[in-house]
C-alpha cells in the first residue's frame, strides 16, 4: 500500500507538471495552428483532469470511500471520461499524422482547425455518454438487474472503445506512416520512425497488461473463485492499473517535448519564470537591504552623536 501511494504521488507530480506545461505553452507561447495541436491540447487537459483527481481516488481507497458515495461516483466517472477522451484523442492524432504524411494531397482540405474543434467536441460528448453508467450505476451493481448487466457492459465498453479501437487505429495509421517514411531516404524521416515506434510501444506497454487483466476479470465475473485467486487477481489489477496511470505522465514527453519547437517553448517558459522571479524578488531584496542600511546608519549616527556629546562634556 505504501509503495502504491509513493508511485501514485510520483505520477501525480510528473503528470501535473508535464501536462500543465503543455497547456501553458499552447495558451501563451504556441498557438494551435494545426489539428494535432488542438488534439494535443485536449489530451493534456484530459490527463491533467485525471491526475488532479488521482490523490482523491487514492485517499478514498485508503479510507474505504470516506468521502461518500457521491464523491465516489464523481471520481470514478471523471476517470472514465478522461480515459475515453484521452484514448480517442490519441487515435485522432494518429489519424491526423496519417493524413498529413501518407495522404498529403488531401491534408489541406481535411486538416482544418474548425474540423479539429468539432471532432474534439464530439469526442468529449461521446466520452460523457459512455461514462454515464459509471456515474449512475456505480453503487447499484449488487441491487438491480439492470445494474448487474451494466457491471458487465462497463468494462466491456472500456475494453472495446477505450483500448482496442484506439489500438487498432494507431496500428493501421502508424504502420502506413512507417512504410511511407522508410521509402524516403532522409535522416529526419528515419528519426520520425523511431518516434512513431516509441509512441506505439509505450501505449501498448502501459495499457495492454491492465486490459488483459480487465478482460479476464470480466470473463470470470460471475464465477466462484478461491480467496487466493481473488486476492492475486486484485493485486494484478492494482499493479497493472498503476502502470496504465503512467501513460498520462508520458504523453507530454511523447507527443510534445520530443519536438524541437516545443522544447524551445518549454525553455522559454522557465526563462520567463526566472526573469519574473528576479523582477519580483530583486525589488524586495533591494528595499530590505536599503532598510537595513538605513537602520544601521541611523544606529551608527546615533552612537557617534552620543560619543561626541560625551567627549565634549
inquiry  = Condition (residue is part of a loop (DSSP other than H, G, I, E, B), modelled with pLDDT of 75 or more and within 28 Å of residue 44 (Cβ to Cβ)) applied to the stretch 226-240: is it met by at least one residue?
reply    = no
task = Determine whether residue 32 is at pLDDT below 90 and part of a helix (DSSP H, G or I).
result = no
query = Quick one: is residue 27 touching a helix residue (DSSP H, G or I) at 6+ places or on another chain (Cβ under 6 Å) and assigned by TED's automatic domain parsing to the domain that holds residue 77?
reply = no
query = Could you give every pair whose Cβ atoms fall below 6 Å, whose first residue belongs to the stretch 1-24 and is assigned by TED's automatic domain parsing to the domain that holds residue 253 and under 17 Å from residue 237 (Cα atoms), and whose second residue is assigned to a helix (DSSP H, G or I) and at pLDDT 85 or above, counting only separations of at least 6 or pairs across chains?
reply = 7/242
inquiry  = For the list (1) modelled with pLDDT of 80 or more; (2) farther than 15 Å from residue 254 by Cβ, I need the number of the one condition that residue 184 fails.
reply    = (1)
task = Return a yes/no flag: does the stretch 64-81 have any residue that is at pLDDT 75 or above and more than 24 Å from residue 10 (Cβ to Cβ).
result = yes
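The values are calculated or read from the model by the stated rules, or taken from the named source; none is laboratory data. Small disclaimer: the values here were computed from a predicted structure and weren't measured. Reconstructed Cβ throughout: ideal geometry from the backbone, glycine too, with neighbour counts over all protein chains shown.
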